[in-house]
Every structure is written in structure tokens, then in C-alpha cells.
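Everything on this sheet refers to the single structure shown next.
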Amino acid sequence: MSYLSALAGLLVALLLLPPLGGLALAVRDGATGFLSLPDDIHRLRPAQPTRIVDVDGETVAEIADRRREPVPLKDIAPVMVDAVVAIEDRRFYEHGGLDFRSVFRAAVRTAQGDLQGGSTITQQYVKNVLVESADSEKEAAEAREVSIGRKVRELRYALGAEQRMSKREILEGYLNISYFGNSVYGVEAAAQRYFSKPAQELSLRQAALLAGLVKGPALFDPIRRPDAARDRRDTVLESMVGTGAVTREQARAAKRKDLGLEPSPPAAPEGCHSSDSPFFCSYALAWLEAEAGLGGGAGGEEWLRRGGLTLHSTLDLSMQKAARRAVEKHVPATDASGKVAVSVLVDPDTGGVRAMAQNREFGVDPDKRGQSAVNFAVDADMGGSAGFQAGSTFKAFTATAALTEGMGFGTSFDAPRSTTVEGMKSCSGEKREDWPVRNHGDSTSGEHDMLSGTRHSVNTYFAKLQKRVGLCDTVETARALGVHRADGASLGQWNSFTLGDQEVSPLTLASAYAVFAARGVRCEPRPITAISDGAGTDRLAPVCSRVLPQGVADAASHLLRQPFKSGGTAQSLGIGRPAAGKTGTTDNAAAAWFAGFTPGLAGAVALGDPRGAAQHPLRDVTIGGTTYPTVYGGTIPGPIWQDTMRRAVEGTPEGEFPRPPERFQGGENATRAHRGGEESGGEMPDVVGSPREEAVRAVEEAGFEPRVGEVTVPADVPKGRVAATNPRPGAELPGGATVNLFLSRGR
């Protein structure tokens, strides 16, 4: 405290000096409350790179707004330390943070308009920390301003630093934070930039050159102003002679030599471009910046890039490598076709994105084929594209809507090669025009039920099924599973919805199919599970909710296993364990897809042309050296999914798909779905009529706990749900159904 009192006394003395009336006024504001100013520089956090780590803690990427490579003092050549001390603060080891003579001289001349330095190394370190820890440009400008007030704040922090840090710690911090010109921060990065060597190997002349840069990096730039840089270097050498760090002869020998430059190309700030998983990295940052309280709003991006955070991601590097190898194997990045292949893997239980790969290098060089900064795996507002038409992968949503409404696997239609479907309506009741639809060939035409229609992906069957279910119900089912357009527009309610006429992102489709694997629970896709800083770790819980009854989801999974069977569109795409999925090919060959899942992992693969599907369809195209009349979902996307999944599931438990409820084994009228409410006023699950066991099973599968009773449904109850609120035992529902079943929330 005696040192602080001495400083405060100095400031008071300045106020009392009669010849310096103007200075007195300037000092008064800075000196007021000096002893109450904060002094702990450790409270401030200089800009530090943020790390993204994978599920095992391995670094995926480092994000920073400037290039800096901090090193401990032991890894900096001692001659570099001697040079800095000699030219910047030769009494560094003697003072306690400031030099009274220098402070007095600098204060007087600065107040008179003559800018003077006079700062010790400790003060310079403090100033750099204040600038770099600023939360806004205004704060940074205040930390740089030429004023007595700023000097006073620096002095207070400098005293605190000297009390809490050793001289070696201050030197280490100073050398790692100082600016050396040419976008280089810290002595290690400077040594690499100017001499292509680490700071530990700097020679006397090189150390003197770098030490001289701190005062004026632009003025003494050795690349653009070598003569000025040499003069400044020689000045540093003279100062080193004055402190006894080197002999006169050593200084003369160094002066006779040239600058010794061996410059390396300037290194760009760390970022996603330098990551092995650049597209996942860019998605993770976009996701965080879009989340409220996680980087959104003013200053959020700086917080992510300068805060020294650790972002714990959902990325599994082994799965990521499998996805990347698969897309590059089947569609090379520099392929003359110009097609883009994208693969995404999602954890059904948490929504965690396990892999995100595309056959492109991350870059923006217009003259280099195979580069792109567009992440085709995600929506446009996340740095992605407008998406790709999803094709027949959407048939899964029509089938799910049918199952939800009580239709069974045996629901059958005559599915000729071509037909016209009439009378479909949008959710607003607007009638759609008649829809002519056709199959891809004669081989799949004829009578089909839900199982064979899914196995062979029969267009005319699903057109009729959508008509029976209702266009609106099909769209609403897809929306409940998280399906939305990649361009941000609303889902179109058009006749051809079941054939996938909507542009979606691979992440959206993978997440939607993950709902089936999770037995009806949807988890929002996410790339980050926790954020750590110096104060602790904030964990981000998955956001999940039930969107399908469990039995319906299990039945949908059963349907989606059919394409892998003999004669199915995915019969050759097995991965050696239970799997379900669906090919997707658009009528106009705009894009091709495969979406599929195991009980523990879901994935989607898309193939399209970023230059525009209309001008560059998947017809008569050569990809990877093979020419295709038409590329189907099972032609290229399917094998990419297969190769990815085979490797991705290695070492993971082999789960089995649950058996679908027996009630779906019949035809269209196999079940009668009725909805009511539980005693607490919540929503009751779909249940079926006699026998009692069927009702109890349906209730259990939906996550409720049955108590007693059964549901009695008259045979003449019309198809569809019968709604009721808080049904009581014996209450009569619309249509004549009687409720004899108590429900309570169960598992």
C-alpha cells in the first residue's frame, strides 16, 4: 500500500504545481478515486482462440480473429528477452510496475501536446490486455486513447500485475500479446513470419530487429522499409550494450550483418478453413450464433472467436472420416460432372450431429475446381443452400400419416403404370387440380399394399394413399417430424408432395428419419453439447419431444425395412446389421437421395448440381468415370450411405428394431384410432377397440399407464379419430364409442 500511496502522492503533487495549471485539470479526473480503481488484470481476458473438440476431446478446429501462437518464456530465446528489456524498459527488474521519472516526464509532455511513451513493460502489457479484452470497439478505443485518465487506469492495473505476477510471467505475457506488424501477434508468430524459425532459435540480430518493431510496427516494417528497420535494430543493439546484455564487439558484429530475413507467407487467422471438418465447424458456429444467449446479438461473434472457449461438439471423428471417404470415393471433388455429394449422420437419441461431409474443399478460390464455402448439408440461413428436392424419401411421411390414422400394412390399391388422382385439398380447403402421376416402369405396376408399395417405391400407390390420408395430414405429419424447406419458405401443399417435390437439406431429412429410429421422439439437431470457459462449463441439454406414438414409429420403421428385402430399391445396400431406409429420386432427375437408419444412427445422402438442377439434371451424366442414363437414389447416394454406415457403426452395439404392433398387420380398417384426454386434461393416445389387450398395448406404447377398462367402438364409427376432452368411464364419445379406460401419465 505504501507504493500506491506514493503514486497517489505524485498525482496530488502534479495537481499542486502552479506552472502546470492545464495539466492539473487533466490530472484531476484521472487521479480521483485512484485507490478504488480495479487492479486485478487477471479479471480481464485477452483475446484467445476458441477450440471445437469432438466427442473424445480431440481438437476439431481453432477459431480466432488473429494469428497468435502463445509459448512459455522458456521457449523464447533469452537474447529476445534481453533485447526487449533494453529498448523498452531497462529498469524493468528494479521497479514495481512504473518508473516515477518516466511517468512524470511523460505526463507533463503529453498534457502539453507532445506525445510521450514513458510506459514500462508492465504498463504496455496492461494496455494490450485492456485493448484485447474490450467488448466493443468503443472500449478498445478508450484503451488506446492518449489521456491522463487512460494512463492512470494503466498504472493501477500495472501495480496490481506486479503484486500478483512474477517478472517472468509479465515478460511472458508481454511477448505473447505484443503486435509485431504484418498481422502478427506474439513473438512466436513473428519469428515464424520474418525468419521461418521458432522464437527459441532467434539470433542476436533477429531478436534486436523484433524488439525494435514493438514501438512502431509499420514505421520499422522490415519487409517494406528495410532501411528504417535496420536503423531501429542498431538502436536496440546499442541499448543492449548499455544494459550489459551484450558486449560492444558483439553489437558491432551484429550491425555488420543484414537483417537475416527469411519471411514465410502470412498465416491466416485460425478458423474453419484450417479444420479437417470445415463444414461441420461452420455449421457449429452458425448454430451457436443463431441460438439466443449463445452468441446471438451484438458482440456474439466476437465472443465466440475471441473468448478462449472450448466448444464440446457432437462430432465423432471416426464417423466423420467414414462419411468423407465415402463421398469422395463415389463423387471426387474435382469430378468434371460438377455434382456435389453430401452426407450427414445424426444420433436419434440426442439429435447430435455425428458427421457432416461433402465432396468439396472448404474455400472460395474461383479458379480452383472442387472448392466451396457453401455448406450444402444445412439450410440457407445456416450458410447452406436452397436445398435439393427430396424425391421418394417423402413417401415415408405419407405412410406414417396413414399409420397414424389407423391404416394397416394391408391397405391396398390398384397401382397402374399411370393414373390420375382427383380431389386433393390443401389444409385451407383449397381444391387441387387433377394430378396425372406415373411409375418409372411396368415392373412395379399392379396391386400393392403398404409393404410392397414401400419396397418397390410405387408412385401411383403412394399417390392414392396420400389421397386417402389427405394432403394436409401428410404435410402436417412431415412438419411434425421437423421437415421444412431449406430456403426458409413454407412447405408447399401440392399434389406431388408425397413424391418429394420440396427442397430440403440433408440435415433436415436425416433428423426426420431419426424420429423413426427414436421410436417417435424427435430431438432438435445440434452440434454442441457444452461450452467451457475459465469459469466453468455450461451444458446444453438436448431438446426432445414425442411427435409420434411409439407404435406408429415402430410400424413406420417396419415399412422402411422393406426396401432392403429382395426386389426392393435398396436390396443391395445392406450394412451387415438391421437397417431401414428409403431411396429418393425426383421425376425430373433434379436430385437423388438415400435416407436410412439403424436403431442407433440415422443418415441422409444427397446428390445434386449446385449450378441448378434444371440446367444440369442427373441424366446422361458421367460421374467418377461411369456414365449413367439416369442417377437414382440407389445408384450413387445409396452406396455412399452404405459405405458410410458400415464403418460408422463399427464397434457400436447392434440393436434390433422393435416388432410393430399387431394391430397394423391388417388392412385399411385394421385399427380404429380414437383420441381423448387423460384425467389431467392432457392428450390421450390413439387406442383401439376390443379386445381389451389391444387397447392396453396401445396406451403403453404411447407412454401412458393403463389402469382398468377397455374401449368399445361400434362398427359403424366413421374412419378417423373421435375426439373427446377428459373422457370419464362410461362417457359416450361422438359416433357412439364408449370409454371404459382410465389413463394416467406413465413412463
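Report the far tail of the P(r) of segment 541-640, meaning the percent of Cα-Cα pairs longer than 23 Å.
Every Cα pair in segment 541-640 considered, those over 23 Å come to 37 percent.
Going by the alpha-carbon gyration tensor, a ≥ b ≥ c the square roots of its eigenvalues, is segment 484-564 rounded (a/c under 1.5) or, if a/c is not under 1.5, prolate (a/b greater than b/c) versus oblate?
Oblate, since a/c reaches 1.5 and b/c is not below a/b.
Taking amide H positions as placed in the peptide plane 1.01 Å from N, state which residues far from N439 in sequence (5 or more) or on other chains have amide H under 5 Å from it.
Correct list: S418, T460.
Pairs to check: K425/K582; K395/K464; K431/K464; K395/K467; K431/K467. Give those whose C-alpha atoms are more than 18 Å from each other in this structure.
Cα-Cα > 18 Å for K425/K582; rest within.
Among G181, A245, G271, which residue has its Cα positioned farthest towards the positive end of the charge dipole of segment 180-277, with +1 placed on the Cβ of Lys and Arg, -1 on the Cβ of Asp and Glu, and the dipole taken about the Cα centre?
A245
Can you send over the solvent-accessible area of H440, 1.4 Å probe, protein chains only, in Å² to the nearest 10?
110
So if I take the centroid of the Cα atoms in segment 455-480 and the same for segment 602-651, what is the distance between those two points in Å?
25
What accessible area per residue comes out for segment 303-442, rounded to a whole number of Å², with a 1.4 Å probe?
38
For A341, which sequence-distant residues (separation of 5 or more, or a different chain) have an amide H within less than 5 Å of its own amide H, given hydrogens modelled in the peptide plane?
Residues meeting the amide H criterion: N359.
Can you compute the modelled spin-label distance between R659 and R248, with each label point 7 Å from Cα toward Cβ, in nm?
Output for this residue pair reads 10.1 nm.
Given a cut-off of 25 Å, name the pairs among K215/K255; K321/K565; K167/K215 whose C-alpha atoms lie farther apart than that in the structure shown.
On the way: K215/K255 20 Å; K321/K565 29 Å; K167/K215 21 Å.
Correct reply: K321/K565.
Which cross-chain or sequence-distant (5 or more) residues have an amide H under 5 Å from the amide H of V621, H modelled 1.01 Å from N in plane?
Counting only residues 5 or more places away or on other chains, the set is Y628.
Considering the options S445, T419, W435, tell which one lies farthest towards the positive end of the dipole of segment 414-458, charges being +1 on Lys and Arg and -1 on Asp and Glu at the Cβ, about the Cα centre.
So the residue we want is W435.
Once phi is turned into ³J(HN,Hα) by the Karplus curve 6.51 cos²θ - 1.76 cosθ + 1.60 with θ = phi - 60°, what whole-Hz value does each residue of segment 535-550 show in order, with x for glycine and proline?
Per-residue couplings from phi come out as 9, x, 10, 9, 9, 9, 5, x, 9, 10, 7, 7, 10, 9, x, 4 Hz.
On alpha carbon coordinates alone, what is the Rg over Rh value for segment 339-391, Rh being the Kirkwood radius?
So for segment 339-391, dividing Rg by the Kirkwood Rh gives 1.02.
The values are calculated or read from the model by the stated rules, or taken from the named source; none is laboratory data. Since we're looking at a predicted model, the values are computed, not measured. Cβ sites come from the backbone with ideal geometry, for glycine too, and all protein chains shown count toward neighbours. All accessible areas refer to the heavy atoms of the entire protein, side chains included, with ligands and DNA or RNA removed. Shrake-Rupley method; radii C 1.70, N 1.55, O 1.52, S 1.80 Å.
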